[in-house]
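The values are calculated or read from the model by the stated rules, or taken from the named source; none is laboratory data. For clarity, every value in this text was computed on a predicted model and none was experimentally measured. Glycine also receives a Cβ, built like all others from the backbone with ideal geometry; neighbour counts cover every protein chain displayed. The protein model used for the area step is the full one, side chains on, heavy atoms only, and it has no ligands, DNA or RNA in it. Shrake-Rupley method; radii C 1.70, N 1.55, O 1.52, S 1.80 Å.
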Amino acid sequence: MNTIRLAVEGMNCAGCVAKVEAALVAVPGVSKAMVNLAERSAWVEGDVDAAPLIAAVKATGRDAREMRTLADEQEKDAAEQQRFKLRFRKFIVAAVVGAPMFVAGMSGKLPALVAPNGQLIWIILGLLTLAVMIYSGRQFYIGAFNGLKRLQFDMDSLIAMGTGSAWLYSMLISIWPTIVPAMGRHLYFEAALIIIALINLGHALELRARSKTSEAIRRLMGLVAKTARIVRDGIEIDLPIEAVQIGDLIRVRPGEKIPVDGIISEGHSTIDESMLTGEPMPVEKAAGDQVVGGTINGRGSFLFKATHVGADTVLAHIVAMVRQAQSSKPAIGRLVDKVAAVFVPVVMAIAATTFLIWFYFGPEPQISFALLSMMTVLIIACPCALGLATPMSIMVGVGKAAEYGVLIKNGEALERAGKITTLVLDKTGTLTTGKPALTAIVALAVSEEELVRLAASLEAGSEHPLAAAILAAATERDITAGSVENFKAHSGRGIEAEQYGVRLLLGNPLLMSDHGIAMSAEVQEQLSALSKLASTPILLARDQQLLGILAVSDPLRSDAKAVVQQMQGEGLKVVMLTGDNAETAAAVAGQLGITDVMAGVLPADKDACIAALQAKGEIVGMVGDGINDAAALARADVGFAIGSGTDIAMESADVTMMRSNPAGVLAAIEISKATMGNIRQNLFGAFIYNSLGIPIAAGLLYPAFGLLLNPIIAGAAMAMSSVTVVTNANRLRFFKPSGR
């Protein structure tokens, strides 16, 4: 399945989004398409190439191109800057012509149509207005014409109809004044120009404000090095980053940016990874350690071998994840799109009805009142603010989360995170450091040295955290592990193998019970005592004889208790999930102040525990390491995978935290609540604006107060509504979660 990102030009409102999205989904092979009005982009998944997608977008009257590289992103940003400058120039031209015409008309400086040379002057002004409308409003009229050909109507249709009807009516009166009564000979050339000027100004300000919402992405892309110092045949040469290949040996000097991901082969240094993980302290790195492209080298110098380049680097994955999340929609966004899809046709029907009511039942001059009211309804009702309300907030919210090392996969996860009622925390690697150590040895039938040697022999080659503790203890004691045969793992219980034809068992009491190994009352007491000390006891048996107990303890994170207390302070029910026995789990939970514990849970049963909580009506967030917790993370309403800064491809989780710290969960929840609150503010403003604006524009206040809304005021209100939404969304950029 391919994932393709397109830059889409020519979208102006939520109606455009619905049309482009429908066109993309209709392409054979497409499984999912998300279109973002705020970013003017589309994210498509499926068994499809870019060419038919681009063709589908062009068939809607818009243009598209594929976004694949950093250069494409930079080109898009440059195009946005040019678009801002063009819109501002169009505003200036329309304002320079329209404003003096408006002032002259209001002050009586322009001649009446019946005055000498009056018609000629107004015809010249009409032609000048047409020229400016073609220059400053060209995009609206082309968009409206393309939409008309396909019987699709959007914001361009409303603006084109409103300003076009004003100009056409005014021009007809200028040429044939007698076609309407004297009272109806009002001219609206200046109104058409000022409306176009204001809309262009609104779009320019929107573009400027919108560019700020992508600061997080631009900062991430700014981390990418431009060149790399490659060592080939003993010679160091600087090459463009695009030329780096997997396996290349790269030299990094003090203070330089690491160009790509790799493994240090020679030298050591400290590396600042704060821009990716949020961790403020530099990390010590030596031969064999991983380095991540975009991080900053300290004072040391080293050589490393490139393991991931281009789109496969950690930084590239992060940018892609943030981009995809920014393009996604929560449920409320999809609802708005459905409303917007029918909004413009409804507004056009309202405008037509308004014209007819004023024309047949309004006061003299009916034609002027009818035209004025219809034009005002068309102009004020443009659904720009409605279309921007959700995506603008999502873009800023997802970007803000990325600043704190929290990568949110999609808008739905961002929406759900703020609704969580129960947080399930996997103990190992989440509440603990994930680096267990051997803390006690109870030798029953062999020496301590032999007990460690046999355990190390069984665990050799294993990547399990408990195995690492035993192997580290063997290394410290200078004990050499032997080889084993017929190795077999028992999930959630332990392992077995043969050494010199003798069977060895290493695991928990369940494994011993399964194989009929007897455990005396004294052994049971020792197991209980070790468990109460929050240690995990591991039993070793040989040929049905219990040889001894090895106790491994995984120390709690220094901030684990404070984080748990903060979660509980936020009203969240905190549940600890662990494979440890009940006594060990209770000891750990007691230190943390957690009262709800699920102990003795096998990896395969973790998702069932999540399902049981959901069955009770809880909205569950699961925090785990993304490996043996994959099923539970997928089952949870929101899955939080704690990463290491280099392992971010955790497909089962909705949220990936670059820092190995559960505090990021609180940051994600707070950002979710702030973002959804911001979306609701935007939607409330957009709906209230249209709900009040359209009736007033249609003349609701005229019978009681004799007031009609000026179309110029309507144009200003429409333009500013979009700017208001974008500005309100940008407030999220200054939000600082307390749960950082």
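Can you name the residue in the range 560-576 that is of a type outside the set (Val, Ile, Thr) and under 10 Å from LEU431 (Cβ atoms) and, of all such residues, is most open to solvent (accessible area, probe 1.4 Å)?
So in the range 560-576, the residues of a type outside the set (Val, Ile, Thr) come out as 560-562, 565-573, 576.
Checking which are under 10 Å from LEU431 (Cβ atoms) leaves us with 560-561, 576.
On the way: ALA560: 1, LYS561: 100, MET576: 0 Å².
So the residue we want is LYS561.
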GLU522 among the acidic types (Asp, Glu), in contact with a helix residue (DSSP H, G or I) (Cβ under 9 Å, 6 or more places away or on another chain) and assigned to a helix (DSSP H, G or I): no
Residue match in the range 284-297 (condition: at pLDDT below 85 and either open to solvent by 30 Å² or more (accessible area, probe 1.4 Å) or small (Gly, Ala, Ser) (or both)): no
Residue within the range 43-52 that is over 22 Å from VAL344 (Cα atoms), free of Cβ contacts under 8 Å to residues at least 40 places away in the same chain, in a loop (DSSP other than H, G, I, E, B) and open to solvent by less than 40 Å² (accessible area, probe 1.4 Å) present: no
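Quick grid of which residues meet (1) assigned to a helix (DSSP H, G or I); (2) at positive phi; (3) touching a Pro at 6+ places or on another chain (Cβ under 9 Å); (4) not β-branched (Val, Ile, Thr):
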position	(1), (2), (3), (4)
LEU454	yes, no, no, yes
LEU458	yes, no, no, yes
ALA469	yes, no, yes, yes
ILE479	no, no, no, no
GLY482	no, no, no, yes
GLU498	no, no, no, yes
GLN526	yes, no, yes, yes
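Those residues that are of a type in the set (Ser, Thr, Tyr) and open to solvent by less than 10 Å² (accessible area, probe 1.4 Å), I need them from the range 498-534; list them, please.
SER531
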Test: ALA704 is open to solvent by 10 Å² or more (accessible area, probe 1.4 Å), at pLDDT 90 or above, among the small types (Gly, Ala, Ser) and within 30 Å of MET348 (Cβ to Cβ): no
Checklist (1) assigned to a loop (DSSP other than H, G, I, E, B); (2) over 28 Å from the mean Cα position of the chain (by Cα); (3) closer than 30 Å to ALA385 by Cβ applied to ALA287, failing item: (3)
Residue satisfying all of: in the range 664-691; under 13 Å from PRO330 (Cα atoms) and of a type in the set (Ser, Thr, Tyr); surrounded by the most Cβ atoms within 10 Å (Cβ to Cβ) among these: THR675
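Which one of ALA455, ALA413, ALA389, ALA417 is farther than 28 Å from PHE734 by Cβ and not hydroxyl-bearing (Ser, Thr, Tyr)? Walk me through it before giving the result.
On the way: ALA413 fails: farther than 28 Å from PHE734 by Cβ; ALA389 fails: farther than 28 Å from PHE734 by Cβ; ALA417 fails: farther than 28 Å from PHE734 by Cβ.
Among ALA455, ALA413, ALA389, ALA417, only ALA455 is farther than 28 Å from PHE734 by Cβ and not hydroxyl-bearing (Ser, Thr, Tyr).
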Matching residues, the range 217-262, being within 27 Å of ILE408 (Cβ to Cβ), modelled with pLDDT under 90 and part of a loop (DSSP other than H, G, I, E, B): LEU223, VAL224, ALA225
Members of the range 594-635 found to be over 22 Å from LEU510 (Cβ atoms), touching an Asp or Glu at 6+ places or on another chain (Cβ under 6 Å) and surrounded by fewer than 22 Cβ atoms within 10 Å (Cβ to Cβ), listed by number: ILE619, ARG635
Residue match in the range 406-420 (condition: in contact with a Lys or Arg (Cβ under 7 Å, 6 or more places away or on another chain), open to solvent by 10 Å² or more (accessible area, probe 1.4 Å) and not in a loop (DSSP other than H, G, I, E, B)): no
Residue within the range 312-323 that is in contact (Cβ under 8 Å) with a residue 24 or more places away in the chain and over 28 Å from the mean Cα position of the chain (by Cα) present: no
Single residue of the range 296-323 satisfying the filter (in a helix (DSSP H, G or I) and in contact with a Lys or Arg (Cβ under 7 Å, 6 or more places away or on another chain)) that is nearest to GLU266 (Cα to Cα): MET321
Candidates PHE355, PHE343 - the one that is more than 30 Å from ILE258 (Cα to Cα), touching a Cys at 6+ places or on another chain (Cβ under 9 Å), open to solvent by 30 Å² or more (accessible area, probe 1.4 Å) and aromatic (Phe, Trp, Tyr): PHE343
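This table checks each residue for (1) at pLDDT 85 or above; (2) closer than 21 Å to SER368 by Cβ; (3) not polar (S, T, N, Q).
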{"position": "VAL96", "(1), (2), (3)": "yes, no, yes"}
{"position": "PRO100", "(1), (2), (3)": "yes, no, yes"}
{"position": "GLY118", "(1), (2), (3)": "no, yes, yes"}
{"position": "ILE123", "(1), (2), (3)": "yes, yes, yes"}
{"position": "LEU128", "(1), (2), (3)": "yes, no, yes"}
{"position": "MET133", "(1), (2), (3)": "yes, yes, yes"}
{"position": "GLN152", "(1), (2), (3)": "no, no, no"}
{"position": "MET161", "(1), (2), (3)": "yes, yes, yes"}
{"position": "PRO177", "(1), (2), (3)": "no, yes, yes"}
